[in-house]
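> Can you read through this structure? Questions will come right after.
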Amino acid sequence: MSAPSTATPTPSDAETRHIVVVGGGPAAHRLTEALVSRELPGTRISVFTEEMLPPYDRVALSKRFEIDDDLLLGEPSLWEHPTVTLHTGRSVTALDVAAQRITTADGETHGYDELVLATGSSAPRPRLAGAEEIAVYRTLDDVDWLRQRVADLAVELGRTPQCAVIGGGLLGLEAAGGLKGLGAQVTVVHSKPWLMNAQLDEFGGRTLNRLLEKEGYDLHCGERPAGLEIRDAAAAGDARSAAPQPRYALTFPAMDTVEADLIVAAIGITARDELAREAGLDIGSRGGAVIDATCATSAPHVWAIGEVACFEDICMGLVAPANAMAEVVADRLAGGAAEFDGFDTAAKLKLAGMDVASFGDGFAETDGALEVVYADPAGGVYQKLVVSEDAKTLLGGIFDGDASPYSSLRPLLGRELPAEPGAFLSAAGGEVADLDLPDDAQVCSCKDICAGTIRKAVVGDGVAPPCADIGALKSCTKVGTQCGSCLPMAKKIMEKEMVAQGMEVSTALCEHFGLSRAGLFEAVQATGLTSFAEIIERFGTPADASVNFGCDICKPVIASVLAAQHDEYILDGGRGTLQDTNDRALANMQKDGTYSVVPRVPAGEITPEKLAVIAEVAQEFDLYTKITGAQRIDMFGARLEQLPLIWKRLVEAGFESGQAYGKALRNVKSCVGSTWCRYGVQDSVAMAIELEMRYRGLRSPHKLKFGVSGCARECAEARGKDVGVIATSEGWNLYVGGNGGATPAHAELLAKDLDDETLLRYIDRYIIYYVRTADRLQRTARWMEELPGGVDHVHDVVVKDTLGIAEDLEAAMATHVGRYEDEWAATLRDPEKLRRFRSFVNAPDAPDTGLAYVVERDQRRPATAEEVEAAAAGEGPVLLSGPRIPVRQDGGEPAAAAAQPVGGAVMIGHVTLVGGGPGAADLMTVRARDALAAADVVFYDRLAPTDGLPDWAPGAELVDVGKRPGHHRVPQETIHQMMIEAAQSGKAVVRLKGGDPFVFGRGCEEVAACREAEVPVTVVPGISSAIAVPAAAGIPVTARGVSKAFTVISGHDPLSEEELAGLVGLGGTTVILMGVGTLGHTVSGLRRHGLGDDVPVGIVEHGFSADQRVSIAPLGEILGVAAHARISHPAVLVIGEVVRLAAVEPLTGEAAHPVSVSGPTASAASSGSAPWRGRCCEPVAEHHRTPHWTLCRAL
């Protein structure tokens, strides 16, 4: 091969060296990350990817079945680095190695000094007639399509969809798991007798077969499909019948046919080597660009990494080798001498309920290799270690059913074991030794992190602080940030190094207790202690309640522990002083010292009568009311002495405390489920109510949130909750460990297809286990992350009951359920308890009068310190955002006095940006008309509705600042100055614009100008002409089965080639505003980038006016139609298949009138197969509020 083994730039080269990376997968991301970290002088990096997203984690692709996460790799800041340019949606179509130049699909060329091919692979389909009907599993788009297709099939068929997955390897099983999680019945078709035959030997593979069959998968192993039968609709059965037959059938030489409604292929990879082939690079016998140990190809200055790279005639679809290749190339480009030493084939199956892993020489092919095996076919466990002939050196391993030794053993591959091999077989009773890995032992293969790197991070380098927790370690070294399987080992190494460095690895709760929270919980439970003093005397440091008074850390923890164990009123027995501020008031304290009130509304279900009570309470006590992000009704601004009065009303109406103040269950969010929703398969509301009423009031280490969704569409967002329940046709799937907040985490599947009773038992166990063992203020996600084994450990405890404590956990929950009492109901019954709720001890009935508010959006809010100060000076506050729009009073007085804040603060002039809508007066919003009614001066645009302006803004000064194409008689900066000067003089200013102010209306510039001048500004949205004007022509911008997305762009300036290519790539509907002047450029550009000539285009001129006119023609003919019709401003262009849906008559409900017809009839006549072509329709002579027209076909 002729490529150099290194690429050290000369000083002159270093000034201009350009590294081009073709491909946007994990390999490209790792290479870019490695190059940036090396800080190569004078180097710029260009990354070209045909996908619209930055590189994402294909290893975690199966997560997309459960959550709408783009799975983006690394930090977004990488693509903002000054040396890096990421070109998304840009495919490279040609490579000229002689000229060192690439060509992109839009015809642009880019030179390079070094080129790295990271084009990855494609997903092949079986070589069967009709294989184009088979879906594949490779990209986010593939998964999104599968999700939607399974959901659609469930509705269309009225039964559980039957899916077949061809391929029983890693990808195939992940695809099968994702489809099953969506509620489908899944058959796995595999050519070999056992699954994962590339990673597992026969015994391991057959063990996996049994595990999957036990989980409800159908297996069809031992033959490749020989044919694919595709039935037409009649043969498949009418979708409205009781049991429509599957559309597809896979046939086999000897085995039974497999029927399916959907078939997915995951049968390996095909290297995307077309660029390399056409450029004349050496290609492997089975594809891929041939590389040497330096990852150089046969062409100078061209490298290949990842799945497109063929090393020793092998292309490998695993992330660890791709990352290793990326590091080699980065090192070589920096002048190093790194080499790729072969493929790391270690694999771990990411499938719920399956614990499968293999690494190294699992098949014992090394000469003299010994196999140490534990097998339990009935129990579904198989563990094997492969060692050298002397049984000392680890050569490989296979784990099936219990892979717990995997993370500890994998770094020892090729090294001498510190103990007998049998000691590492956990299923046989072995206990993995406390391993002391050498510095060069690889811990994380995804990121190539060795044990020494972790130890150095713990010590620190004098610049970066030492890493003393797993979060800091991940941030510093990137260990565990891709697949995460190495985290348990990384944590062990970190903690051991901390001990070696004399750093404290403390689990103490605080200085007053040497025990951790979990240890303290267990100790208190074992001793039956019931007070803080007793606990101090027994377990405190010092153990003397007369000198050890605790602190703000331990006191709330002990209060929570006692509440969880005894379910007694939290403020009795001296426990009131232990509580946080919120718990002491049984309400959340707000910034001004008042409190919020949150009644419990189980599952969000509420009667109109109860809703009316909440409204009455809010009105009577003048409480700011909001539906929170957790879908609870929250009332703010209650004084301490008002809380009993408010809760008396609520309790009498049947409400309980929502405990928004406590570390306890907040709420259970639910959709409407099968009771109302046509997609629901279970009664999610009833289940959510049962869960909320069961677990209410249980004190825990942190707040808890649940969610219940009635189908796989996941409207309740259950996978983002501590406990998430999702209905299936067979029961309920249980997810645990999801959290929102500052560090969100998605819940993990714990068990599936559960009946109601089993679901409750598992949740009982999970919650009590968490309450007993989690650290202080530790959310369930972080708790599970810290547990050895993570969700697998939780599964063992909760589902398998490996610790034998399930009965005890269930009993503890039953005790809580039986003893629960609403805290506010208990408070109202006891006069002594009510004594706590006084603002002033010496004047219990006196309110706190030191509270000041301003009115905003028709509700009061606390005044800021500046507003209070300004009010005291008699000057009035300057409200920077969100003042309510004052309405001119009956006497015609200026509006400034109509919105007097509570407490004497006075408002000065302000600016309101008003969107006037698409032009029709009756399409203005009520708020827009209110703003005009209160205006002292109105600055209006050309396209704003102005016919009734003198009546809408009586007495206001009306100023025309409109712009016309090519003629801006009032510059934008002058408009800013005019608005600000008017407002600063105390006037109510309205800036009236067409459409919506923030849709190509320069509204953001005007808001910024006002804020810079400290002028209050409010925005009133308007109906955008981008949607409304097409609607006036009967053109929807989206339509089921036609277009599921629309893009709105400005045609004011010509679109760039990149923008034109992006529009074609996006598909869907394109709406162009201000596009008449650039119509020729736009049309020719779209055609040049591949948009078909027969794609329909609609042009709607003067929408919602008496002069409205609609022209429709194919893309290839629209310029002729536009020229003949003399299209003029203003007009909205609509491009896409939705134009075919244009109504023959306007959507006004009135009779249409005849119209005159113009247009290039000759071109239309030549297109008889498309009757919508070449139509130009003009308005009727009579003027109507919405002009009538009819689309007439040109002959």
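The values are calculated or read from the model by the stated rules, or taken from the named source; none is laboratory data. Predicted, not measured: the structure shown is a model, and the values here were computed from it. Glycine gets a Cβ as well: all are built from the backbone with ideal geometry, and neighbour counts include every protein chain shown.
> Scan the stretch 806-826 and report the pairs whose first residue is within 16 Å of Arg600 (Cβ to Cβ) and whose second residue is assigned to a helix (DSSP H, G or I) and among the aromatic types (Phe, Trp, Tyr), with Cβ atoms within less than 6 Å and a gap of 6+ or a chain change.
Matching pairs, first to second residue: Trp824/Trp647.
> Could you tell me whether the stretch 975-991 includes any residue that is outside the structural domain of His1129 (by TED's automatic domain parsing), closer than 24 Å to Ser1105 by Cα and under 43 Å from the mean Cα position of the chain (by Cα)?
First, pick out the residues of the stretch 975-991 that are outside the structural domain of His1129 (by TED's automatic domain parsing): 975-991.
Adding the requirement that they be closer than 24 Å to Ser1105 by Cα leaves 990-991.
Now narrow it down to the ones that are under 43 Å from the mean Cα position of the chain (by Cα): 990-991.
Looking through the stretch 975-991, at least one residue is outside the structural domain of His1129 (by TED's automatic domain parsing), closer than 24 Å to Ser1105 by Cα and under 43 Å from the mean Cα position of the chain (by Cα).
> Separate question: If I go through the stretch 60-80 residue by residue, how many of them are among the β-branched types (Val, Ile, Thr) and closer than 18 Å to Ala34 by Cβ?
So the answer is 0.
> Looking only at residues that are surrounded by fewer than 22 Cβ atoms within 10 Å (Cβ to Cβ) and of a type in the set (D, E, K, R) in the stretch 706-726, which one is farthest from the chain's Cα centre (by Cα)?
Step by step, filter the stretch 706-726, then rank; the result is Arg713.
> Which is touching a residue at least 12 places away in the same chain (Cβ under 8 Å), in a strand (DSSP E or B) and in contact with a Cys (Cβ under 8 Å, 6 or more places away or on another chain), of Val725, Val708?
The conditions single out Val708.
> Would you be able to tell me the number of residues in the stretch 600-637 that are acidic (Asp, Glu), within 35 Å of the chain's Cα centre (by Cα) and outside any strand (DSSP E or B)?
As a first pass, look at the stretch 600-637 and keep what is acidic (Asp, Glu): 605, 609, 616, 620, 622, 634.
From what is left, the residues that are within 35 Å of the chain's Cα centre (by Cα) are 605, 634.
From the residues that got through so far, the ones that are outside any strand (DSSP E or B) too are 605.
So the count comes out to 1.
> Scan the stretch 638-655 residue by residue and report those that are in a loop (DSSP other than H, G, I, E, B) and in contact with a strand residue (DSSP E or B) (Cβ under 7 Å, 6 or more places away or on another chain).
Correct list: Phe655 only.
> Filtering the stretch 370-401 down to residues that are small (Gly, Ala, Ser) and modelled with pLDDT of 90 or more, which residue is farthest from Gly169 (Cα to Cα)? Before the answer, list the steps.
To start, the set of residues in the stretch 370-401 that are small (Gly, Ala, Ser) comprises 375, 378-380, 388, 391, 396-397, 401.
Narrowing the set further to residues that are modelled with pLDDT of 90 or more leaves 388, 396-397.
Numbers: Ser388: 28, Gly396: 19, Gly397: 18 Å.
Filtering first and then ranking leaves Ser388.
> Residues of the stretch 397-430 being acidic (Asp, Glu), part of a strand (DSSP E or B) and either assigned by TED's automatic domain parsing to the domain that holds Ile449 or closer than 18 Å to Ala357 by Cα (or both), which ones?
Correct list: Asp400 only.
> How about the stretch 656-685: which of its residues are in contact (Cβ under 8 Å) with a residue 60 or more places away in the chain, touching a helix residue (DSSP H, G or I) at 6+ places or on another chain (Cβ under 6 Å) and part of a strand (DSSP E or B)?
Matches in the stretch 656-685: Ser657, Val668, Ser670.
Residues are listed down the side, and each one gets a yes or a no for (1) in contact with a His (Cβ under 9 Å, 6 or more places away or on another chain); (2) outside any loop (DSSP other than H, G, I, E, B); (3) surrounded by fewer than 19 Cβ atoms within 10 Å (Cβ to Cβ); (4) of a type outside the set (Lys, Arg):
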| site | (1), (2), (3), (4) |
| --- | --- |
| Lys447 | no, no, no, no |
| Ile454 | no, yes, no, yes |
| Val463 | no, no, yes, yes |
| Gly471 | no, yes, yes, yes |
| Gly480 | no, no, no, yes |
| Met489 | no, yes, no, yes |
| Ile493 | no, yes, no, yes |
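> Moving to a separate point now. Taking Glu132 and the conditions (1) closer than 29 Å to Thr294 by Cα; (2) surrounded by fewer than 19 Cβ atoms within 10 Å (Cβ to Cβ); (3) acidic (Asp, Glu), which numbered condition does it fall short on, given that it satisfies the others?
If we test Glu132 against (1) closer than 29 Å to Thr294 by Cα; (2) surrounded by fewer than 19 Cβ atoms within 10 Å (Cβ to Cβ); (3) acidic (Asp, Glu), just (1) comes out false.
> If we scan the stretch 839-848, do we find a residue that is under 30 Å from Lys626 (Cα atoms), at pLDDT below 85, hydroxyl-bearing (Ser, Thr, Tyr) and in a loop (DSSP other than H, G, I, E, B)?
yes
> I would also like to ask the following. Does Gly962 meet the test of being touching a strand residue (DSSP E or B) at 6+ places or on another chain (Cβ under 8 Å) and buried (at least 20 other Cβ atoms within 10 Å of the Cβ)?
No.
> When the residues of the stretch 73-87 are filtered to those that are hydrophobic (A, V, I, L, M, F, W, C) and outside any loop (DSSP other than H, G, I, E, B), which remaining residue is surrounded by the fewest Cβ atoms within 10 Å (Cβ to Cβ)? Talk me through it step by step, then tell me what you get.
The first filter runs over the stretch 73-87 and keeps only residues hydrophobic (A, V, I, L, M, F, W, C), leaving 73, 78-79, 84, 86.
Keeping just the survivors that are outside any loop (DSSP other than H, G, I, E, B) gives 78-79, 84, 86.
Details: Leu78: 19, Trp79: 17, Val84: 20, Leu86: 20.
Residue satisfying both the conditions and the ranking: Trp79.
> Which of the residues spanning the stretch 447-465 are touching a helix residue (DSSP H, G or I) at 6+ places or on another chain (Cβ under 8 Å) and under 27 Å from Leu412 (Cβ atoms)?
Matches in the stretch 447-465: Lys447, Asp448, Ile449, Ala451, Thr453, Ile454, Arg455, Ala457, Val458, Val459.
> Restricting the search to the stretch 93-117, which residues are within 19 Å of Thr49 (Cβ to Cβ), of a type in the set (A, V, I, L, M, F, W, C) and not in a strand (DSSP E or B)?
Residue satisfying the conditions is Ala105 alone.
> Sticking with this one: Quick check on Leu212: is it within 16 Å of Val258 (Cβ to Cβ), free of Cβ contacts under 8 Å to residues at least 40 places away in the same chain, crowded, with 18+ Cβ neighbours inside 10 Å and of a type in the set (A, V, I, L, M, F, W, C)? So that I can check it myself, show each step before the final result.
Details: within 16 Å of Val258 (Cβ to Cβ): yes; free of Cβ contacts under 8 Å to residues at least 40 places away in the same chain: no; crowded, with 18+ Cβ neighbours inside 10 Å: yes; of a type in the set (A, V, I, L, M, F, W, C): yes.
No.
> Please work out which one of (1) in contact with a His (Cβ under 8 Å, 6 or more places away or on another chain); (2) under 18 Å from Pro300 (Cα atoms); (3) buried (at least 18 other Cβ atoms within 10 Å of the Cβ) is the condition Leu117 fails and give its number.
Leu117 satisfies every listed condition except (1).
> Still on this structure, I have one more. Name every residue in the stretch 56-72 that is crowded, with 21+ Cβ neighbours inside 10 Å and touching a strand residue (DSSP E or B) at 6+ places or on another chain (Cβ under 7 Å), in order of residue number.
Within the stretch 56-72, just Tyr56 meets the criteria.
> Confirm whether Leu515 is buried (at least 16 other Cβ atoms within 10 Å of the Cβ) and in a loop (DSSP other than H, G, I, E, B).
The answer is yes for Leu515.
> Would you pick out the residues in the stretch 147-165 that are within 24 Å of Arg127 (Cα to Cα) and in contact with a helix residue (DSSP H, G or I) (Cβ under 7 Å, 6 or more places away or on another chain)? Give the derivation first.
Step one: of the stretch 147-165, the residues within 24 Å of Arg127 (Cα to Cα) are 149, 162-165.
Cys163, Val165, listed by residue number.
> Another question, then. Filter the stretch 1042-1089 down to the residues that are over 24 Å from Ser91 (Cα atoms) and in a helix (DSSP H, G or I) and list them by number.
Leu1079, Gly1080
> Give the stretch 53-103 a look and list any residue that's in contact with a Gly (Cβ under 6 Å, 6 or more places away or on another chain) and among the aromatic types (Phe, Trp, Tyr), or say none.
Phe65, the sole residue that qualifies.
> Of the residues in the stretch 803-831, how many are over 37 Å from the mean Cα position of the chain (by Cα), part of a helix (DSSP H, G or I), of a type outside the set (Asp, Glu) and more than 13 Å from Leu760 (Cα to Cα)?
Within the stretch 803-831, residues that are over 37 Å from the mean Cα position of the chain (by Cα), part of a helix (DSSP H, G or I), of a type outside the set (Asp, Glu) and more than 13 Å from Leu760 (Cα to Cα) number 10.
> Restricting to the stretch 224-248, count the residues that are of a type in the set (A, V, I, L, M), modelled with pLDDT of 90 or more and assigned to a loop (DSSP other than H, G, I, E, B).
Residues in the stretch 224-248 being of a type in the set (A, V, I, L, M), modelled with pLDDT of 90 or more and assigned to a loop (DSSP other than H, G, I, E, B): 1 in total.
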